[in-house]
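One structure is given below, encoded as structure tokens.
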Ligand SMILES: Nc1nc2c(ncn2[C@@H]2O[C@H](COP(=O)(O)OP(=O)(O)OP(=O)(O)O)[C@@H](O)[C@H]2O)c(=O)[nH]1
Ligand SMILES: [Mg+2]
């Protein structure tokens with residue numbers, strides 16, 4: 001091809017015909033060698049997206065598939081305003097087909113392609129997203145533009161269009177150029193909004209441009225005299241994810257004295273940002289002058305021969321290397337997008353394992369089982385402790401009460417003669433002992449009921465009322481309180497009194513008789529008889545007192561023995577009762593525990609089965625997800641292999 005071709009009708013060289021069969025998808029799909037390889041990977045990727053229900057990705061990949069099978073290489077020229085985009089295209093084909101100038105810019109995308117005869121139309125598409133092709137609209141929506149004053153004609157025609165319709169318009173320019181005849185199509189675009197200051201709007205716009213413009217290659221234009229802005233680097237980094245061939249053209253090199261230094265700085269920045277782009281410095285002004293003067297050296301200095309070579313290489317690379325690399329990138333992105341929700345799903349499943357209903361129920365049931373075990377130990381200890389306390393308390397109570405009865409009896413028999421008071425004392429004693437027995441055993445009943453409640457309190461409250469329906473009592477005790485016969489008492493009979501009186505008076509008579517005999521009186525005289533009577537009376541009184549004391553002591557001893565016997569009997573009855581209560585409560589609470597244990601074991605079995613079922617279902621789900629992730633990993637590997645395949 002010539003380095004330049006002047007004017008839209010100046011093309012004289014042979015056009016490169018479109019290779020036969022390359023436009024037909026079927027022909028390419030079945031083509032042997034590398035084509036079928038990347039196409040196979042792409043088709044598997046599309047199928048996988050379909051299986052994952054990602055219709056958005058399917059549509060996107062179908063569009064890229066059709067595009068890759070299209071032999072044309074569509075180069076989308078983008079960038080900030082006034083960076084020389086339109087001039088670059090004009091200079092590439094040496095024809096003023098794109099609107100340029102400081103006073104007016106590009107208003108609608110302009111597709112510049114090869115035609116045998118120059119043509120220019122403004123095309124009104126059915127919808128903004130409709131493909132920018134020459135046949136994107138019917139004849140009534142194809143507005144012819146004057147070829148000799150194309151830029152003015154386009155500007156004027158656009159000015160006459162209803163507001164809001166510009167979004168659905170693009171210009172379609174056909175020129176006979178050998179460069180374009182190879183299948184290259186150049187697309188000029190309006191400036192990206194927000195650049196070079198901010199990236200979001202530009203990013204959104206460039207994404208819709210590459211989709212609607214069916215771009216194969218993106219050429220980003222930037223003036224050579226400045227550094228790429230951060231927003232521009234970010235935008236290029238985003239494009240580099242889906243476009244294996246990014247070209248950054250530094251324009252207007254004639255305008256900047258230090259363009260080489262600036263271009264190197266920008267190249268370094270791109271490398272540092274990880275943007276694999278081919279950097280081409282160009283000057284449209286030098287190219288135009290070279291075309292006018294026919295100066296080959298100047299044309300070389302303009303940088304356009306390198307750019308043309310690059311474009312031709314890309315056209316040649318499209319069916320194989322470029323398509324492979326594109327499919328590799330698409331495969332990597334798509335498999336990542338498909339794998340992300342699967343990985344999240346896997347994570348969520350793992351998180352669910354700890355918090356699932358069945359597992360929570362299982363843990364809760366195990367906790368209840370542990371609680372029941374602890375509770376069993378607690379209530380058994382509580383029962384044993386309380387029974388021990390009750391035994392000692394009841395014995396002590398009985399002992400105290402019977403001691404009080406004995407003390408009262410002692411008082412009675414210290415002051416009174418058992419002979420006289422026994423008939424009144426004996427009923428009192430029986431009554432007092434009966435009352436003691438009733439009070440102590442009644443208290444024992446209350447303590448037994450309290451004991452039952454205190455053992456029941458050791459069970460967790462959520463189990464409800466575990467008290468026995470019966471009240472542990474102390475019924476059917478033998479009647480231990482019996483009557484007490486009068487103890488055998490020594491009575492002071494008349495003959496004993498007479499004998500004691502005579503024995504006492506004998507001494508008195510003798511003593512006084514001997515004393516009075518000294519006075520010459522006989523041994524038996526009135527004085528000695530009086531003395532004898534005195535001594536006899538005293539002996540009778542002393543003997544009477546001594547007999548009373550012996551009776552009282554005998555009565556006290558008899559009462560004490562009697563009360564002790566009753567105490568021993570009552571204490572035995574009380575202890576037996578406590579043991580009976582203990583056995584009854586132990587049996588009751590053991591049966592309550594067994595019932596609870598049975599119920600918990602049942603629910604433990606059910607919860608375990610449910611948890612196991614859930615775990616195995618989850619594991620099966622996780623296995624499926626993992627297998628799918630492995631499959632996606634394999635697909636991604638194939639895609640990466642396409643990226644790394646030698647050119
Ligand atoms: N000196 C010099 N000026 C240039 C060169 N390329 C473009 N220009 C000038 O830069 C200005 C803008 O050029 P355009 O090609 O319209 O820039 P653009 O990026 O298409 O502008 P918009 O369409 O508004 O985004 C015009 O005045 C051009 O003449 C160049 O290589 N050298
Ligand atoms: Mg422009």
* State whether the chain is rounded, prolate or oblate according to the following rule on the C-alpha gyration tensor (a ≥ b ≥ c being the square roots of its eigenvalues): a/c under 1.5 gives rounded; otherwise a/b larger than b/c gives prolate, and the remaining case gives oblate. => prolate
* Asked: What shape does the range 490-570 take by its C-alpha gyration tensor, where a ≥ b ≥ c are the square roots of the eigenvalues and a/c under 1.5 counts as rounded, a/b above b/c as prolate, and the rest as oblate?
  -> prolate
* To do: For a footprinting-style exposure proxy, rank 242, 211, 110 by other Cβ within 10 Å, fewest first.
  => 211, 242, 110
* Taking the Cβ of each residue in 50, 121 as the centre, tally the other Cβ atoms inside 10 Å and list the residues starting with the fewest. => 50, 121
* Asked: Using alpha carbon centroids, what distance separates the range 226-247 and the range 518-571, in Å?
  -> 138 Å
* **Contour minus Cα-Cα distance for residue 198 and residue 337 (0.36 nm per residue)** => 47.4 nm
* Take every Cα pair under 8 Å in the chain that's 6+ residues apart, average their separations, divide by the length, and report that relative contact order as a whole percent. => 14 percent
* Asked: Where a ≥ b ≥ c are the square roots of the eigenvalues of the C-alpha gyration tensor, would you call the range 169-272 rounded, which needs a/c under 1.5, or, failing that, prolate if a/b is larger than b/c, or oblate?
  -> oblate
* Structure fact -> Taking R0 as 25 Å and r as the Cβ-Cβ distance between residue 152 and residue 237, the FRET efficiency 1/(1 + (r/R0)^6), rounded to the nearest 0.05, comes to 0.05
* **Estimated 222 nm signal from helices in the chain, with DSSP H stretches of n ≥ 4 weighted -39500 (n - 2.57), rounded to 500** => -22000 deg cm²/dmol
* **Computed label-point distance, nm, for sites residue 454 and residue 586 using a 7 Å Cα→Cβ extension** => 1.8 nm
* **Inter-label distance, nm, simple model (7 Å from Cα along the C-beta direction), residue 534/residue 63** => 15.5 nm
* Structure fact -> Residue separation between residue 626 and residue 502 times 0.36 nm, minus their alpha-carbon distance, gives in nm 31.6 nm
* **With Cα atoms, 0 to 90° folded angle of helix 150-159 axis to the chain main axis** => 50 degrees
* Return 375, 98, 49 ranked ascending by Cβ neighbour count within 10 Å, so the fewest neighbours appear first. => 375, 49, 98
* Structure fact -> Tilt, helix 55-69 to longest principal axis of the chain (alpha-carbon atoms), in degrees rounded to tens, equals 30 degrees
* Structure fact -> Taking a crude spin-label model, label points 7 Å out from Cα along the C-beta direction, the residue 393 to residue 130 distance in nm is 10.0 nm
* Residues listed by number, the range 439-459, amide nitrogen under 18 Å from residue 367 label point at 7 Å toward C-beta -> 459
* At a Förster radius of 35 Å, what calculated FRET efficiency corresponds to the Cβ-Cβ distance of residue 469 and residue 553, to the nearest 0.05? -> 0.05
* Asked: Tell me, in nm to one decimal, what length is gained between residue 410 and residue 264 on full extension, where the rule is 0.36 nm per residue of separation less the Cα-Cα distance?
  -> 39.8 nm
* Asked: Could you state the number of Å between the C-alpha centres of the range 613-637 and the range 41-74?
  -> 24 Å
* residue 423-residue 572 FRET efficiency (beta carbon distance; Förster radius 35 Å; 0.05 resolution) -> 0.70
* Could you tell me how many degrees, from 0 to 90 and to the nearest 10, lie between the Cα long axis of helix 357-415 and the main elongation axis, the longest principal axis, of the Cα atoms of the chain? => 20 degrees
* Structure fact -> The alpha-carbon center of the range 122-181 and that of the range 394-443 are separated, in whole Å, by 130 Å
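Read the figures in this text as sums done on the coordinates, not as results from a lab. Treat the numbers as computed from the prediction; the structure is a model and nothing was measured. All Cβ positions, even for glycine, are placed from backbone atoms using ideal geometry, and neighbour counts span all protein chains on display.
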